[in-house]
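For reference, the structure discussed in these notes is given below.
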């Protein structure tokens, strides 16, 4: 496996199926899948994209990502992060103002020759990262943004919506998203609350602290997968929201009184 980070540019090469460690997307992502497949697990379900796909992902999203080689070809991708500071500067320079974005959080873009050529132009910088200076990173990020807006001005509505998530139904959101392994601060942000307000509202709604509720829900879901779907602990611990198999096994035994491996 190879991963090259250079400023806000990321090249990934994975030769065996791998889940991403991060499940919260804090900034907009613009990327291309060069080979293999990317499986995106969101509250709407699973979306699979193959080689050649160019996409734009909105910030403040919960996504579980699986990078999968296909037909002996390693998974390879390039992603560019559009940070808020950069976008604010660009919007101020060009007097850009948009309404709150209402639309899909993941957009599949047309494979225009300009976008394809742009990603091709990045490859030499991953082979010689020292050439990606601060100035060059700024220029290449601006080039990406200009190409996106030229390809479809509608993308400005997503990219330059600087509003933060508003207060939403906490119960409905948590029941849909409890298997995402992210911090309480990130759950709070996505529900439009400060961390202290999130904890207070959570206690009122579920009659227990969020850490305890999350573990109970994840273990209950795990029990269902083990007992009813005949899946194995190693197959499900990440799916239900645990970081490692050892922690999952210990928590499961403490909760149910027997090991998750007891199911045959």
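Each value in this text was obtained by applying a stated rule to the coordinates, not by laboratory testing. What you are looking at is a predicted structure, and each value in this text was computed from that prediction instead of being measured. Using ideal geometry, Cβ is built from the backbone for each residue, glycine included, and neighbour counts are taken over all protein chains shown.
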Using only the Cα atoms of segment 170-262, what semi-axes does the equivalent ellipsoid have when each is the square root of 5 times a gyration tensor eigenvalue? Give whole Å, largest first. 26, 12, 11
Give the angle, between 0 and 90 degrees and rounded to the nearest 10, that separates the Cα long axis of helix 195-206 from the longest principal axis of the Cα atoms of the chain. 40 degrees
In the calculated pair distance distribution of segment 2-159, what percentage of Cα-Cα distances lie above 21 Å? 46 percent
What does the C-alpha gyration tensor say about the overall shape of segment 1-93? Classify as rounded when a/c is under 1.5, otherwise prolate if a/b is larger than b/c, or oblate. prolate
Tell me, what is the FRET efficiency for residue 246 and residue 220 to the nearest 0.05, using R0 = 22 angstrom and their Cβ-Cβ distance as r? 0.65
Write down Rg/Rh for the chain, rounded to two decimals, with Rg from the C-alpha atoms and Rh from the Kirkwood relation over Cα pairs. 1.01
From DSSP H assignment alone, runs of 4+ in the chain each adding -39500 (n - 2.57), the sum over residues rounded to the nearest 500 puts [θ] at 222 nm at -12500 deg cm²/dmol
